[in-house]
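The values are calculated or read from the model by the stated rules, or taken from the named source; none is laboratory data. Note that the coordinates shown come from a computational prediction; the quantities given were computed from them, not determined experimentally. Cβ coordinates were reconstructed from backbone atoms using ideal geometry, including for glycine residues, and neighbour counts include every protein chain displayed. Keep in mind that these areas ignore ligands, DNA and RNA; they rest on the heavy atoms of the full protein, side chains included. Shrake-Rupley method; radii C 1.70, N 1.55, O 1.52, S 1.80 Å.
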Amino acid sequence: MNLSELIDKMQELAYQYERQYGGCSQCVVGAYKTVLGTISNDVFKAATGLAGGIGLTGSACGALTGGVMVISTFIGRDFDNFADPGGERRKTFRLVAKLVDRFKGEYGSTICRDIQTKLMGRPFDLRDKEDYKEFLAAGGHEDKCPSVCANTVKWVAEILADEGLLKGD
């Protein structure tokens, strides 16, 4: 697949995963895992608690934190090089800052509750059964959060491609 086809496939998967399973952070990570095969099960599993703004608290957007995890798997420092002689940590920070800037440009915030307000008119307490039902009725898993996941996958791919870290065939 060429780069455009890779991005399209990952966006489609992230969108569908969010609609079917929820868990925005894992939907972003899962799209990369499925298409590229470069993300381990441990990384996918580690994204579990980031959904719904970190543990459904409405804090940092799970799609964003999942995107940060993906970027970090491509360029982050390894445990065996914890001292970071090559400066991988600084490179990672620079790429993550680009993703954060894209998020803020599109949604005005990186906070899940703020993004919910922008897309659905108000924030929801996803830990509360009744509020969760209202979130669903407002399209939370139908198209709102799936679109955030799909956008995140695309932005991460563009950032990685610009750095020569992601290429098609």
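For the reader, a short list of remarks on this structure follows.
- Among the candidates Thr34, Thr65, Thr48, Thr73, residue that is in contact with a Leu (Cβ under 9 Å, 6 or more places away or on another chain), open to solvent by 50 Å² or more (accessible area, probe 1.4 Å) and within 28 Å of Leu119 (Cβ to Cβ): Thr34
- Lone unmet requirement of (1) under 25 Å from Thr38 (Cα atoms); (2) surrounded by fewer than 16 Cβ atoms within 10 Å (Cβ to Cβ); (3) of a type in the set (A, V, I, L, M) for Leu136: (1)
- The single condition among (1) free of Cβ contacts under 8 Å to residues at least 12 places away in the same chain; (2) open to solvent by less than 40 Å² (accessible area, probe 1.4 Å) that Asp8 does not satisfy is (2).
- Among the candidates Lys98, Lys104, residue that is touching an Asp or Glu at 6+ places or on another chain (Cβ under 9 Å) and open to solvent by 40 Å² or more (accessible area, probe 1.4 Å): Lys98
- In summary, Leu126 fulfils each of the numbered conditions (1) crowded, with 16+ Cβ neighbours inside 10 Å; (2) assigned to a helix (DSSP H, G or I) with the single exception of condition (2).
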